[in-house]
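The values are calculated or read from the model by the stated rules, or taken from the named source; none is laboratory data. Note that this is a predicted model, so its numbers are computed, not measured. Cβ: placed from backbone, ideal geometry, glycine included. Neighbour counts: every protein chain shown.
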(Lines give C-alpha, C1' and ligand atoms only; values in the text may rest on other atoms or scores of the structure.)
Protein backbone atom coordinates (compact mmCIF):
# COMPACT_ATOMS: atom_id res chain seq x y z
CA UNK A 1 0.00 0.00 0.00
CA UNK A 2 1.26 3.50 -0.85
CA UNK A 3 -0.08 7.04 -1.31
CA UNK A 4 -1.12 7.15 -4.96
CA UNK A 5 -1.10 10.65 -6.41
CA UNK A 6 -4.42 11.69 -7.91
CA UNK A 7 -5.71 14.91 -9.47
CA UNK A 8 -9.10 16.37 -8.48
CA UNK A 9 -10.25 15.85 -12.08
CA UNK A 10 -9.83 12.09 -11.54
CA UNK A 11 -12.00 11.95 -8.40
CA UNK A 12 -15.18 11.14 -10.36
CA UNK A 13 -13.46 7.97 -11.60
CA UNK A 14 -13.23 6.59 -8.06
CA UNK A 15 -15.96 4.44 -6.55
CA UNK A 16 -16.81 3.80 -2.93
CA UNK A 17 -18.15 0.26 -3.05
CA UNK A 18 -19.54 -1.69 -0.13
CA UNK A 19 -16.90 -2.83 2.39
CA UNK A 20 -14.41 -0.22 1.20
CA UNK A 21 -12.65 2.88 2.46
CA UNK A 22 -10.92 5.71 0.60
CA UNK A 23 -8.29 7.77 2.42
CA UNK A 24 -7.05 11.12 1.08
CA UNK A 25 -3.89 12.94 2.17
CA UNK A 26 -3.39 16.66 1.53
CA UNK A 27 -0.37 18.76 2.49
CA UNK A 28 0.08 22.52 2.53
CA UNK A 29 2.40 25.16 3.96
CA UNK A 30 -0.79 27.08 4.79
CA UNK A 31 -1.66 24.87 7.76
CA UNK A 32 -4.49 26.98 9.14
CA UNK A 33 -6.14 27.30 5.73
CA UNK A 34 -5.96 23.54 5.30
CA UNK A 35 -7.58 22.99 8.67
CA UNK A 36 -10.24 25.67 8.10
CA UNK A 37 -11.22 24.11 4.78
CA UNK A 38 -11.31 20.48 5.94
CA UNK A 39 -15.11 20.35 6.16
CA UNK A 40 -15.46 21.86 2.68
CA UNK A 41 -12.97 19.35 1.30
CA UNK A 42 -14.96 16.50 2.86
CA UNK A 43 -18.20 17.81 1.36
CA UNK A 44 -16.59 18.16 -2.06
CA UNK A 45 -15.36 14.58 -1.97
CA UNK A 46 -18.76 13.34 -0.79
CA UNK A 47 -20.44 15.21 -3.63
CA UNK A 48 -18.27 13.27 -6.10
CA UNK A 49 -19.34 9.92 -4.65
CA UNK A 50 -23.01 10.65 -4.01
CA UNK A 51 -23.99 13.24 -6.62
CA UNK A 52 -25.76 15.08 -3.80
CA UNK A 53 -24.59 18.71 -3.66
CA UNK A 54 -26.74 19.35 -0.59
CA UNK A 55 -24.98 16.75 1.52
CA UNK A 56 -23.91 17.99 4.95
CA UNK A 57 -21.68 16.95 7.84
CA UNK A 58 -22.64 17.52 11.45
CA UNK A 59 -20.93 16.65 14.73
CA UNK A 60 -22.41 14.80 17.67
CA UNK A 61 -21.83 15.78 21.30
CA UNK A 62 -18.42 14.08 21.28
CA UNK A 63 -17.31 15.86 18.10
CA UNK A 64 -17.65 12.81 15.85
CA UNK A 65 -18.61 13.91 12.31
CA UNK A 66 -21.75 12.36 10.84
CA UNK A 67 -22.98 12.59 7.26
CA UNK A 68 -26.53 13.67 6.52
CA UNK A 69 -27.83 12.56 3.14
CA UNK A 70 -25.79 9.40 2.45
CA UNK A 71 -25.12 6.04 4.18
CA UNK A 72 -21.41 6.82 4.47
CA UNK A 73 -18.98 7.60 7.27
CA UNK A 74 -16.21 10.19 7.49
CA UNK A 75 -13.25 10.91 9.76
CA UNK A 76 -10.76 13.79 9.62
CA UNK A 77 -7.32 14.26 11.20
CA UNK A 78 -4.89 17.20 11.13
CA UNK A 79 -1.25 17.21 12.11
CA UNK A 80 1.45 19.67 11.13
CA UNK A 81 1.07 20.55 7.46
CA UNK A 82 -1.11 17.50 6.70
CA UNK A 83 -4.79 16.69 6.55
CA UNK A 84 -6.05 13.13 6.23
CA UNK A 85 -9.67 12.42 5.40
CA UNK A 86 -11.25 8.96 5.35
CA UNK A 87 -14.55 8.03 3.68
CA UNK A 88 -15.97 4.56 4.26
CA UNK A 89 -19.11 2.47 4.05
CA UNK A 90 -18.56 1.44 7.69
CA UNK A 91 -17.94 3.36 10.89
CA UNK A 92 -14.41 4.79 10.60
CA UNK A 93 -11.74 6.69 12.51
CA UNK A 94 -8.43 8.05 11.18
CA UNK A 95 -5.42 9.69 12.77
CA UNK A 96 -2.09 11.06 11.55
CA UNK A 97 0.72 12.29 13.80
CA UNK A 98 4.39 13.24 13.97
CA UNK A 99 6.57 13.39 17.07
CA UNK A 100 5.77 16.86 18.42
CA UNK A 101 7.71 16.43 21.67
CA UNK A 102 10.91 14.48 20.93
CA UNK A 103 12.01 14.53 24.57
CA UNK A 104 8.70 13.14 25.85
CA UNK A 105 7.63 10.37 23.48
CA UNK A 106 9.10 7.55 25.61
CA UNK A 107 7.20 8.64 28.72
CA UNK A 108 4.03 9.12 26.64
CA UNK A 109 4.44 5.62 25.20
CA UNK A 110 4.66 4.18 28.71
CA UNK A 111 1.71 6.29 29.89
CA UNK A 112 -0.71 5.10 27.18
CA UNK A 113 0.33 1.44 27.40
CA UNK A 114 0.29 -1.30 29.96
CA UNK A 115 3.50 -3.30 30.30
CA UNK A 116 2.01 -6.26 28.40
CA UNK A 117 1.00 -4.01 25.47
CA UNK A 118 4.43 -2.35 25.17
CA UNK A 119 7.23 -3.27 22.82
CA UNK A 120 10.66 -3.77 24.35
CA UNK A 121 13.01 -1.12 22.96
CA UNK A 122 10.21 0.77 21.21
CA UNK A 123 11.24 3.36 18.61
CA UNK A 124 9.67 6.71 17.68
CA UNK A 125 7.80 4.99 14.85
CA UNK A 126 6.50 2.33 17.26
CA UNK A 127 5.22 5.13 19.50
CA UNK A 128 3.54 6.94 16.59
CA UNK A 129 1.93 3.75 15.31
CA UNK A 130 0.62 2.99 18.79
CA UNK A 131 -0.68 6.53 19.35
CA UNK A 132 -2.39 6.78 15.94
CA UNK A 133 -3.96 3.33 16.33
CA UNK A 134 -5.46 4.29 19.69
CA UNK A 135 -6.65 7.71 18.56
CA UNK A 136 -8.16 6.29 15.35
CA UNK A 137 -9.99 3.72 17.50
CA UNK A 138 -11.28 6.44 19.85
CA UNK A 139 -12.58 8.38 16.82
CA UNK A 140 -14.32 5.30 15.41
CA UNK A 141 -15.88 4.47 18.77
CA UNK A 142 -17.05 8.07 18.97
CA UNK A 143 -16.54 8.44 22.72
CA UNK A 144 -14.21 11.41 22.53
CA UNK A 145 -10.73 11.59 24.02
CA UNK A 146 -12.28 11.60 27.50
CA UNK A 147 -12.19 7.81 27.16
CA UNK A 148 -8.43 8.11 27.51
CA UNK A 149 -5.86 6.48 25.25
CA UNK A 150 -4.35 4.69 28.25
CA UNK A 151 -7.65 2.89 28.90
CA UNK A 152 -7.61 1.15 25.50
CA UNK A 153 -5.66 -2.09 25.26
CA UNK A 154 -4.08 -2.71 21.87
CA UNK A 155 -1.46 -5.47 21.88
CA UNK A 156 1.79 -4.37 20.23
CA UNK A 157 2.43 -6.10 16.92
CA UNK A 158 5.25 -5.11 14.57
CA UNK A 159 3.25 -5.73 11.43
CA UNK A 160 1.27 -3.83 8.81
CA UNK A 161 -1.47 -6.47 8.89
CA UNK A 162 -5.00 -5.79 10.10
CA UNK A 163 -5.48 -6.09 13.85
CA UNK A 164 -8.82 -6.99 15.39
CA UNK A 165 -9.73 -5.18 18.60
CA UNK A 166 -12.78 -5.74 20.79
CA UNK A 167 -14.47 -2.81 22.52
CA UNK A 168 -17.51 -3.83 24.52
CA UNK A 169 -19.88 -5.56 22.12
CA UNK A 170 -18.21 -3.97 19.08
CA UNK A 171 -15.34 -5.24 16.97
CA UNK A 172 -12.94 -2.94 15.12
CA UNK A 173 -10.17 -3.49 12.60
CA UNK A 174 -6.98 -1.42 12.79
CA UNK A 175 -4.77 -0.91 9.74
CA UNK A 176 -1.58 1.19 9.66
CA UNK A 177 -1.57 3.51 6.66
CA UNK A 178 1.54 4.20 4.56
CA UNK A 179 4.00 6.50 6.30
CA UNK A 180 4.29 10.05 5.02
CA UNK A 181 7.71 11.61 5.56
CA UNK A 182 8.18 11.66 9.37
CA UNK A 183 4.52 10.93 10.04
CA UNK A 184 2.52 7.81 10.82
CA UNK A 185 -1.20 7.25 10.31
CA UNK A 186 -3.76 4.59 11.12
CA UNK A 187 -7.31 3.68 10.15
CA UNK A 188 -9.91 2.04 12.42
CA UNK A 189 -12.96 0.40 10.83
CA UNK A 190 -15.97 -1.39 12.27
CA UNK A 191 -15.97 -3.86 9.40
CA UNK A 192 -13.12 -5.36 7.43
CA UNK A 193 -12.75 -3.23 4.30
CA UNK A 194 -10.67 -2.78 1.19
CA UNK A 195 -8.60 0.38 1.69
CA UNK A 196 -7.23 2.69 -1.02
CA UNK A 197 -4.95 5.62 -0.21
CA UNK A 198 -4.52 8.77 -2.33
CA UNK A 199 -2.39 11.93 -2.23
CA UNK A 200 -3.93 15.15 -3.57
CA UNK A 201 -0.85 17.30 -4.35
CA UNK A 202 -2.42 20.76 -4.79
CA UNK A 203 -4.34 21.41 -1.58
CA UNK A 204 -4.78 25.12 -2.36
CA UNK A 205 -7.41 24.46 -5.01
CA UNK A 206 -9.70 23.20 -2.23
CA UNK A 207 -9.39 26.44 -0.24
CA UNK A 208 -12.55 28.54 -0.23
CA UNK A 209 -13.09 31.71 1.84
CA UNK A 210 -16.67 30.71 2.63
CA UNK A 211 -15.69 27.32 4.05
CA UNK A 212 -16.37 26.55 7.70
CA UNK A 213 -13.80 25.02 10.00
CA UNK A 214 -13.86 21.40 11.15
CA UNK A 215 -12.42 21.43 14.65
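Among residues belonging to segment 60-78 that are under 17 Å from residue 16 (Cα atoms) and in a loop (DSSP other than H, G, I, E, B), point out the one that is modelled with the highest pLDDT. Step by step, filter segment 60-78, then rank; the result is 72. Name the single residue, out of those in segment 90-104 being under 22 Å from the mean Cα position of the chain (by Cα) and surrounded by fewer than 18 Cβ atoms within 10 Å (Cβ to Cβ), that is farthest from residue 44 (Cα to Cα). Ranking the candidates gives 101 first. Look at (1) over 18 Å from residue 111 (Cα atoms); (2) surrounded by 14 or more Cβ atoms within 10 Å (Cβ to Cβ); (3) at pLDDT 85 or above and you find that residue 133 fails only one, number (1).
So that you can scan it fast, the table gives a plain yes or no per residue for (1) outside any loop (DSSP other than H, G, I, E, B); (2) within 27 Å of residue 97 (Cα to Cα); (3) out of contact with any helix residue (DSSP H, G or I) (no Cβ under 7 Å at 6 or more places or on another chain):
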{"site": "2", "(1), (2), (3)": "no, yes, yes"}
{"site": "11", "(1), (2), (3)": "yes, yes, no"}
{"site": "22", "(1), (2), (3)": "yes, yes, yes"}
{"site": "25", "(1), (2), (3)": "yes, yes, yes"}
{"site": "32", "(1), (2), (3)": "yes, yes, yes"}
{"site": "48", "(1), (2), (3)": "yes, no, no"}
{"site": "52", "(1), (2), (3)": "no, no, yes"}
{"site": "58", "(1), (2), (3)": "yes, yes, yes"}
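Only a single item in (1) surrounded by fewer than 19 Cβ atoms within 10 Å (Cβ to Cβ); (2) at negative phi; (3) modelled with pLDDT of 90 or more is not met by residue 87, and it is number (1).
When segment 44-64 is limited to residues that are touching a strand residue (DSSP E or B) at 6+ places or on another chain (Cβ under 7 Å) and buried (at least 20 other Cβ atoms within 10 Å of the Cβ), the one that is nearest to residue 179 (Cα to Cα) turns out to be 45. Of all the criteria given as (1) crowded, with 16+ Cβ neighbours inside 10 Å; (2) in a strand (DSSP E or B); (3) at pLDDT below 90, the one not satisfied by residue 214 is (2). Going by what's in this entry, would residue 79 be described as closer than 29 Å to residue 160 by Cβ, surrounded by 15 or more Cβ atoms within 10 Å (Cβ to Cβ) and touching a strand residue (DSSP E or B) at 6+ places or on another chain (Cβ under 6 Å)? Criteria met by residue 79. Restricted to strands (runs of 3 or more DSSP E) entirely inside segment 102-205, those with at least 3 residues that are closer than 19 Å to residue 76 by Cα are 170-180, 183-189, 194-200. When segment 152-189 is limited to residues that are touching a helix residue (DSSP H, G or I) at 6+ places or on another chain (Cβ under 9 Å), exposed (fewer than 13 other Cβ atoms within 10 Å of the Cβ) and closer than 21 Å to residue 109 by Cβ, the one that is modelled with the highest pLDDT turns out to be 182.
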